[in-house]
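The values are calculated or read from the model by the stated rules, or taken from the named source; none is laboratory data. A quick note: this is a predicted structure, and the numbers were derived from the prediction, not measured. Using ideal geometry, Cβ is built from the backbone for each residue, glycine included, and neighbour counts are taken over all protein chains shown.
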Amino acid sequence: MVLNLPTMTLSVPQELYTIIKKHNQIKWSEIARRAMWDYAKKMELLDQLTADSKLTEKDVMELDKVIKKALTKYYMEKDS
């Protein structure tokens, strides 16, 4: 069975490219594919978890501020 898979071109920093080229025995495309699958699965799960949410982006940003403020206070008090 022959698969006709789409291709993707990635830009990487020169330092990374140098390391990749040094280790050409490694199937870097397979590593990239797996990493993207892992991330995509997390995004799909996030989409499922938030699909029925009534929160707006503004609500989320406000919660973010409250949580960060509380965490900062907690760790500042813990260190004193």
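Within the stretch 1-12, being closer than 15 Å to Trp28 by Cα and not hydrophobic (A, V, I, L, M, F, W, C) holds for Thr7, Thr9, Ser11. Every condition in (1) part of a loop (DSSP other than H, G, I, E, B); (2) under 21 Å from the mean Cα position of the chain (by Cα); (3) surrounded by 10 or more Cβ atoms within 10 Å (Cβ to Cβ) holds for Thr9 except the one numbered (3).
Condition check ((1) among the acidic types (Asp, Glu); (2) out of contact with any helix residue (DSSP H, G or I) (no Cβ under 9 Å at 6 or more places or on another chain); (3) in a helix (DSSP H, G or I); (4) modelled with pLDDT of 95 or more) across all residues:
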{"position": "Leu3", "(1), (2), (3), (4)": "no, yes, no, no"}
{"position": "Tyr17", "(1), (2), (3), (4)": "no, yes, yes, yes"}
{"position": "Lys21", "(1), (2), (3), (4)": "no, yes, yes, yes"}
{"position": "Ile26", "(1), (2), (3), (4)": "no, no, no, yes"}
{"position": "Ala32", "(1), (2), (3), (4)": "no, yes, yes, yes"}
{"position": "Asp38", "(1), (2), (3), (4)": "yes, yes, yes, yes"}
{"position": "Met43", "(1), (2), (3), (4)": "no, yes, yes, yes"}
{"position": "Leu46", "(1), (2), (3), (4)": "no, yes, yes, no"}
{"position": "Lys54", "(1), (2), (3), (4)": "no, yes, no, no"}
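Per the conditions (1) modelled with pLDDT of 95 or more; (2) surrounded by 10 or more Cβ atoms within 10 Å (Cβ to Cβ), the sole criterion not satisfied by Val60 is (1). Ala32 - would you say it is touching a residue at least 12 places away in the same chain (Cβ under 8 Å), surrounded by 10 or more Cβ atoms within 10 Å (Cβ to Cβ) and not acidic (Asp, Glu)? When the stated conditions are applied, Ala32 passes them.
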